[in-house]
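What follows is one structure encoded as structure tokens, with my remarks underneath.
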Amino acid sequence: MNQSSNLRSNAHAVIIGINEYQDEKIPDLQFARADAEGVYQILTDPELGRIPPENVILLLDEQATQQNIRSAIGDEIPRRAGEDDFVYIYFAGHGMPFMNPKNGSADGMEKYLVPVDAKLDKIRGTGIPMDDIQRFFGYIQSKQVMFFIDSCFSGEAGGRTFQNPAYQTRHGLLTPEFLDQLSGEGRLVVTACDVNELSIETSAMGHGLFTHYLMEGLKGRADKDQDGLVTIHELYDYVYDHVSQHARKLGGSMRPILKGSIKGKIPLTLYETPTQKQAKSLDDQAQALFKAGKFGEAYELWHQVIELVPDHSGAEQGLAEVENWLKEKERKRQEILERKQRLLLQLNREGQLPSDEFDLAMTLIEKNTADLTALERETRRLLDELTNKKISAASYVKSVRLLRKPVEPEPALVSPKSESEKIPEAKQAASKPEPQVVKAEMEAPQQQTASEPIVSKLLVLRKTPATLSKQQVKGMLKEYGFYCAKSLVFWNYAWSNPQGKGITHNYMEQTLNGNKVILDKTTGLMWQQSGSPNFMIYSDAEKDIRELNNKPFAGFTNWRLPTLEEAMSLMETQTKNGALYIDSKFDQTQEQIWTADKSSAGAAWVAYFSSGNCLNNFVAFNNYVRAVR
């Protein structure tokens, strides 16, 4: 992807870092410049902050003069940033308090940012009053302005800290009252620490403590919900926790402050989480497969991408393209099928295609190629030649009749066996192992009025919920021979079982305590005849089960969602209940039902009687409930 396409052209920044002050009376700092450079690299990184470098004003040491800072914040940014743009201002350096009881502030102090060319003895004329910063903010049209200040609030503690070789401070006095005035709606101010605390910088980190964790958070460690976006509130929570803990280890105290408010979820940095990187790799593979014409494989991979990143635009677009291709393919297939059917009907009406051959042709022409027997495949080949007008109707009829003419099998040549080698038929039957069966355990329902039949032998199915992979589902379907059709959109090709014959049911309908149930004497399972009348998400399905047991439904209190094995045991190999692949004894409303089995985090398996298969759906999707016990 072109990196320039990732850049946020509507974001602007001023970044200031001062280590070496021109006035020898102002103590130098060790890592303020490194802090500013680090923040600059993150904000202009095309894979993190994504701010175009030309939108950033970087002022380091000798460049951070009073005139340049005033020009950047008071002139350049107001001129560049529009109403819908974002503005970030970062300052690492000294602040300075100045006593003036007459200035009208609650603390009687004037507050200054100290530029590189400031004079300690003439701070009023050479410093930048924070009142001016507040006024400059008023010039900026943008509704989103964020100011990060890596200075401390305590002027009194500064003298002590300068004498300590372990760390130095960036000192200034900014009261909460003043920060409230400086911030406000659309204006956020984040400071390194609270009143009377020191902003520590250590040689062990090579940065100020506040900025070190600020940068770590911007790189992605603050992304609490792992959505690839670091927001201001995520960043502040991360910085506060880590700075306050680390400062205590150093024997100090730092509690960063956040003032002001900003509407919406504003990303400070955007990055790729491990999950997003995996999704990107799968998306790239799917794109390549799609270009190669392998639409089914591409479709499967794009669904995996959606499972990882539900709102992945590339996968959503890819799925839409495949589905459009499938729709077009299906439309063309239907056109061809209808043309062939019209031809066969015409030949039948003209007497060229007798009824037996016509009926056979009309059946085979719609049948899935994968489901054809060897004899049917050869007949289908002849049918294709007929409908493509490569052979005449007479040749087709003659060939099909010869092909389907029964051939008497030749008697097998076997060696005679002695009487001792002969095994009685009954003994042979007895030698075959019986399938696993158990005696049914029929619980007596509460307030039960109707007697239940005694079931002597059952097909045992798993009752305990599990998390099943596609391979495990495929193995289960084959083990029991459950029918699972292939989806038209390739969704379930990895686990479908269209060759499955299903099981022979022995259903018995009952009405217990006014509730209709169906007992399957083959499996010993009792089912709701109907189920939930409405779609519902997975959590509501679990709630529905609890409500059934609280009633209790049909007099029982052990209803539950079926496992996928149990739900697929109901699947018929053809539609028997209107358009549904389920016995007509069941209600038609519940065309697809939740199961208790999960497919992954946030997804569960669903039995689709409308299409004769099973799929995995996100738990936030809607399906019906049919309870079992």
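The values are calculated or read from the model by the stated rules, or taken from the named source; none is laboratory data. Just so we're clear, the structure is a prediction, and the values are computed from it rather than from any experiment. Heads up, the Cβs are rebuilt from the backbone with ideal geometry, glycines too, and the neighbour counts pull from every protein chain shown.
Quick notes
- Residue match in the range 480-490 (condition: under 15 Å from Glu566 (Cα atoms) and either out of contact with any strand residue (DSSP E or B) (no Cβ under 8 Å at 6 or more places or on another chain) or surrounded by fewer than 17 Cβ atoms within 10 Å (Cβ to Cβ) (or both)): yes
- Scanning the range 64-90 for residues that are more than 14 Å from Pro129 (Cα to Cα) and either hydrophobic (A, V, I, L, M, F, W, C) or surrounded by 20 or more Cβ atoms within 10 Å (Cβ to Cβ) (or both) yields Ala64, Ala72, Ile77, Ala81, Asp85, Phe86, Val87, Tyr88, Ile89, Tyr90.
- Just one of the listed residues (Gln67, Gln168, Gln141) is within 29 Å of Met215 (Cβ to Cβ), modelled with pLDDT under 85 and of a type in the set (S, T, N, Q), namely Gln168.
- Across the range 213-249, the qualifying residues are those that are assigned to a helix (DSSP H, G or I) and acidic (Asp, Glu), and the one among them that is farthest from Glu272 (Cα to Cα) is Asp241.
- Applying the condition of being surrounded by fewer than 16 Cβ atoms within 10 Å (Cβ to Cβ) and more than 24 Å from Arg462 (Cβ to Cβ) to the range 517-539 and asking which residue is modelled with the lowest pLDDT yields Phe535.
- Residues in the range 1-58 that are part of a loop (DSSP other than H, G, I, E, B), touching a residue at least 60 places away in the same chain (Cβ under 8 Å) and aliphatic (A, V, I, L, M): Ile18, Ile26, Leu29, Leu48.
- Residue count, the range 346-370 (criterion: in a helix (DSSP H, G or I), of a type in the set (A, V, I, L, M) and in contact with a Leu (Cβ under 9 Å, 6 or more places away or on another chain)): 5
- In the set Arg333, Arg255, only one residue is surrounded by 13 or more Cβ atoms within 10 Å (Cβ to Cβ), of a type in the set (Lys, Arg) and either over 26 Å from Asn616 (Cβ atoms) or touching a Leu at 6+ places or on another chain (Cβ under 8 Å) (or both); that residue is Arg255.
- Any hit, the range 268-286, residues being buried (at least 19 other Cβ atoms within 10 Å of the Cβ), within 29 Å of Ile200 (Cβ to Cβ) and of a type outside the set (Ser, Thr, Tyr): yes
Let's see how each residue does on (1) out of contact with any His (no Cβ under 9 Å at 6 or more places or on another chain); (2) at pLDDT 80 or above:
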| residue | (1), (2) |
| --- | --- |
| Arg248 | yes, yes |
| Met254 | no, yes |
| Ser261 | yes, no |
| Pro267 | yes, no |
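- Pick from the range 570-612, criterion hydroxyl-bearing (Ser, Thr, Tyr) and part of a strand (DSSP E or B), ranking: farthest from Asp520 (Cα to Cα): Ser600
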